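Reading through the structure tokens given below for one structure.
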Amino acid sequence: MDFSERPDEAQFRTEVRAWLSETLPTLQWPEPPELEDKVPFWRPYQTALFEAGYAGLTWPQEYGGQGLDERMSSIFSEESAHAGAPERLNTIGEDFAGPTIAHFGTAEQKEKYLRRILTGEDIWCQLFSEPESGSDLASLRTKAVKVDGGWRITGQKIWTSRAQLAAHAILLARTGGGERHRGITYFLLPMDSEGVTVRPLEHMLGEAEFNEVFLDNVFLPDSAVVGEVDGGWKVTMGTLAFERVAIATGRVNTVKEIRNLVDDVRSRTDADGNPLGADPHVRRSVADLWGRVHLHQAISQRVISGASGGEPPGEATSIGKLFFCPLVEDLADFGLSLEPLNDQFDLEDEVAAVGTGGLAAAEHEAGPQDQGHRHWLRLANQARGTAIAGGSTYIQRNIVAERILGMPKK
Amino acid sequence: MEWKFSEEQEAYAEALQDWLSGAVDSEKLRGWFDSGDASAFAETFARDWAGVGIPEEDGGQGGGLVELALTAEHLARVDAPSAAWLATTLAVPALAGRPAEVEEAVGGQTVALLASADRIPSAAVPLQGGANGLTGSVARVLAGDTAVRFVVPVAGAHGLELHVVDAGQESVRVTPRRLLDRSRTLADVTLDGAASQRLDVDAVSVLEAISRRAAVLVAADTLGASQTMLDLAVDYAKQRQQFGVFIGSFQAVKHAAASIMVAVEAARSAVYYTAASVDSDQPEAALHAAAAKAQITAEGTRSADTALTMHGAIGYTWEHDLQLYYKRAKLNEGLFGSPGAWNDHIADVLLLTAGDQATPRLLGAGASV
């Protein structure tokens, strides 16, 4: 147990902090709030990251990455969060697809795809879930039929985040060699292929973040297969393993959020003009959330230390998401509750109240550091999505009980 | 930050666990608890292990709060009687510069802080000093029944002082109290003109240090007790059959077990992170300690209830060992301050504004947001 930073870590932190303070003001702020408008804002930043040597921090150097460990990467994330860096739009590419291709892909696939992920040229999406295959991924039905020189793919995918922005996808389809997980193959799909249709789905706040994707007799060459034909499940498990550290430590910097919340409480009064920080319920709620963030911070550091030491994911990794998701929900809900009923207005109504051409425009005006009501509202809803994505809370509990505690499947 | 035990710490935990598995079992525990006398265990434990976590220059074997937390966790995992060890470990920092007394303490002569165990040690109510010795009563003193010395907070003419009082004096009256949890003991203590020696330490900062230690070590105790409750509940769910299947195959039971595991691993992460934070005097160490105590001990009692429900009626019996850990976790929630009390201190520091009257004394000047 050691709180001190290694000399290389301290130096890296200093360099990153200086680079962020130099680079962030050069971006075309404000950051657009809606996903589809974010790309032109984000792409120059990703390119700048690549050119400065801050893209793909944990990727091997031979593929354009930096070959650093998770501790260094977490220092970069911390500094980015504190400096208010733009949202990462290509998490699928950087965290899952890229490392999977680097580990399981052919030389040609690595050459073709990896560098463009880091430069910001290509955003990726993940075509795994289907209408009838959510938690039970191995029941997927999208079919790949062998044809001369490749495969013809037909089926439907759903809940595909960022498909409307993506240049490429990682795709699972049934090639039929065996039952369930024994008959699945892992493909790389250009999203502009003939027969691919993307239809955006609005999430519960009315914004199009995820999509339905229809595949109608789409041709993929043999060179699009990752790993063995019918051996896609093994590659999928690799992808999920790359995902685990990111999920366990969480994509939201809870330390930053609790600081925002404390600042919020300190600066506000209730309807009668009394300081909110004097309200006993508010005081204990803030303290309780602060305490939970402390525990989350400890879990994250344990996961990062384990991953940096090359250890296989352990108990802390498996519980990370179960601890993290309700914490973010409660942080955001409490932030919203500071102004009663504020969480209850329809977004359209909010637009009218803001009166300057819509919520998005209002957020433009508020600037990138806006930590007010809209911030908590988005976070509160996003957190619900996170609790479902990548294995819902109930599935996570089954996994903990069966794989870690060894409880019987049947 | 690196969250990782050193090789020495791993080896220490393993050796301690081995020793405890030989020294403690259900039958021995029940014998000690029924007779109300755990001194046989306390003495042998002190002889072999009590020096760990106490600096070598003070007569200990070295190591810090991480080692002490490992000790607390493993004692609780087997429900070992630990009042004497915990009380002495908390009080020893007050005896800085008095090697003979530290040596005796490490050798098994229990020292206890004369403060009510229902509150945060730094909020202890000091006795009034005077020319005729110390006079006053303090209820619910941890290990008050076996202590040979007390460290006593005293309101002196120029502020808070700490004194040491020999418990063998006629002017010291001790009334043992019986707890539901038999693994710890409390006593009401009355001094009636007791002779004392003033300790040459900064009383406020020593009590703050004791509070941080108490927070981490009680949280570590709950970690150990919760781990054992999880083990017991999972083992039971794997062998108990109803409706023709193991009850561990039901999702409701799996989810209950998973929720305890989340609590246990969150606690493990935070206990050792916090111990290292306190030991290395991080700027937010006092807040970390308060948060660990409030969160972990509150969650520990929820885990106890979940483990009880997983056991069904057998867990509700005297005969089954679950009740021992259940009671241990319940006591820990209130021991040295409730989660509400610790959260109030966190709020004092976080939400202090210029107009506030509150002074976050416990958390010290070094605490920052």
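The values are calculated or read from the model by the stated rules, or taken from the named source; none is laboratory data. Fair warning: this is a prediction, and the values are worked out from it, not measured in the lab. Cβ placement follows ideal geometry from the backbone for every residue including glycine, while neighbour counts extend to all protein chains displayed.
Listing for the model above:
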| read-out | value |
| --- | --- |
| Residues of the stretch A:1-22 that turn out to be over 28 Å from B:Y272 (Cβ atoms) and either of a type in the set (A, V, I, L, M, F, W, C) or within 14 Å of another protein chain (Cβ to nearest Cβ) (or both), as a count | 3 |
| Output for the stretch A:117-133, where each listed residue is over 14 Å from A:E212 (Cβ atoms), of a type in the set (D, E, K, R) and surrounded by fewer than 18 Cβ atoms within 10 Å (Cβ to Cβ) | A:E121 |
| Looking only at the stretch B:214-246, and only at residues there that are farther than 17 Å from B:L322 by Cα and without any contact (Cβ under 8 Å) to a residue 24 or more places away in the chain, the one that is nearest to the other protein chains (Cβ to nearest Cβ) | B:F246 |
| Cross-chain or 6+ apart pairs with Cβ under 6 Å, the stretch B:249-267 first and buried (at least 23 other Cβ atoms within 10 Å of the Cβ), then of a type in the set (D, E, K, R) | B:A258/A:R397; B:A263/B:E299; B:E265/A:E315 |
| Subset of the stretch B:195-228 [assigned to a helix (DSSP H, G or I) and polar (S, T, N, Q)] | B:S205, B:S211, B:T222, B:S226, B:Q227, B:T228 |
| Elements of type helices (runs of 4 or more DSSP H) in the stretch B:1-114, at least 3 residues being within 30 Å of A:E78 (Cα to Cα) and touching a residue at least 24 places away in the same chain (Cβ under 8 Å) | B:65-77 |
| Among residues of the stretch A:386-410, those that are within 22 Å of the chain's Cα centre (by Cα) and more than 8 Å from chain B (Cβ to nearest Cβ), counted | 10 |
| Qualifying residue in the stretch B:149-158 (condition: surrounded by fewer than 23 Cβ atoms within 10 Å (Cβ to Cβ) and part of a helix (DSSP H, G or I)) | no |
| Filter result (over 23 Å from B:L230 (Cα atoms), in contact (Cβ under 8 Å) with a residue 40 or more places away in the chain and surrounded by fewer than 22 Cβ atoms within 10 Å (Cβ to Cβ)) within the stretch A:298-316 | A:S305, A:S308 |
| Those residues of the stretch A:251-274 which are of a type outside the set (D, E, K, R) and in a helix (DSSP H, G or I), in sequence order | A:T254, A:V255, A:I258, A:N260, A:L261, A:V262, A:V265, A:S267 |
| Subset of the stretch B:229-258 (residues that are within 24 Å of the chain's Cα centre (by Cα) and either of a type outside the set (A, V, I, L, M) or not in a helix (DSSP H, G or I) (or both)) | B:D231 |
| Of all residues making up the stretch A:275-316, the number that are within 28 Å of A:S4 (Cα to Cα), in a helix (DSSP H, G or I) and within 9 Å of chain B (Cβ to nearest Cβ) | 22 |
| From B:A15, B:A76, B:A72, residue being more than 14 Å from chain A (Cβ to nearest Cβ), surrounded by fewer than 16 Cβ atoms within 10 Å (Cβ to Cβ) and at pLDDT 95 or above | B:A15 |
| For A:I158: the one exception among (1) surrounded by fewer than 21 Cβ atoms within 10 Å (Cβ to Cβ); (2) in contact (Cβ under 8 Å) with a residue 12 or more places away in the chain; (3) farther than 20 Å from A:L35 by Cα | (3) |
| Cross-chain or 6+ apart pairs with Cβ under 8 Å, the stretch A:13-25 first and part of a helix (DSSP H, G or I), then surrounded by 16 or more Cβ atoms within 10 Å (Cβ to Cβ) and charged (D, E, K, R) | A:R13/A:E79; A:V16/A:E79; A:R17/A:E79; A:L20/A:E79 |
| Test: residue in the stretch A:317-332 that is touching a residue at least 40 places away in the same chain (Cβ under 8 Å), within 10 Å of chain B (Cβ to nearest Cβ), farther than 23 Å from B:H345 by Cα and polar (S, T, N, Q) | yes |
| Matching residues in the stretch A:180-205 - criterion: being assigned to a strand (DSSP E or B) and without any contact (Cβ under 8 Å) to a residue 40 or more places away in the chain | A:P190, A:V196, A:T197, A:V198, A:R199, A:P200, A:E202 |
| Close pairs (9 angstrom Cβ cut-off, 6 or more residues apart or separate chains): basic (K, R) in the stretch A:225-245, crowded, with 18+ Cβ neighbours inside 10 Å and part of a loop (DSSP other than H, G, I, E, B) anywhere | A:K234/A:G227 |
| Any hit, the stretch A:87-110, residues being surrounded by fewer than 21 Cβ atoms within 10 Å (Cβ to Cβ), within 22 Å of A:P32 (Cα to Cα) and of a type in the set (D, E) | yes |
| Out of B:L95, B:L90, B:L29, sole residue that is among the hydrophobic types (A, V, I, L, M, F, W, C) and either surrounded by fewer than 19 Cβ atoms within 10 Å (Cβ to Cβ) or under 30 Å from B:L232 (Cα atoms) (or both) | B:L29 |
| Residues (over 18 Å from the mean Cα position of the chain (by Cα) and either within 14 Å of another protein chain (Cβ to nearest Cβ) or of a type in the set (D, E) (or both)) located in the stretch A:64-81 | A:D69, A:R71, A:M72 |
| Identity of the residue in the stretch B:273-309, away from chain A (no Cβ under 11 Å) and among the hydrophobic types (A, V, I, L, M, F, W, C), that ends up surrounded by the most Cβ atoms within 10 Å (Cβ to Cβ) | B:A286 |
| Positions within the stretch A:53-72 being surrounded by 14 or more Cβ atoms within 10 Å (Cβ to Cβ) and part of a helix (DSSP H, G or I), in sequence order | A:Y63, A:E70, A:R71, A:M72 |
| Condition check for A:L205: in contact with a helix residue (DSSP H, G or I) (Cβ under 6 Å, 6 or more places away or on another chain), surrounded by fewer than 20 Cβ atoms within 10 Å (Cβ to Cβ) and not hydroxyl-bearing (S, T, Y) | yes |
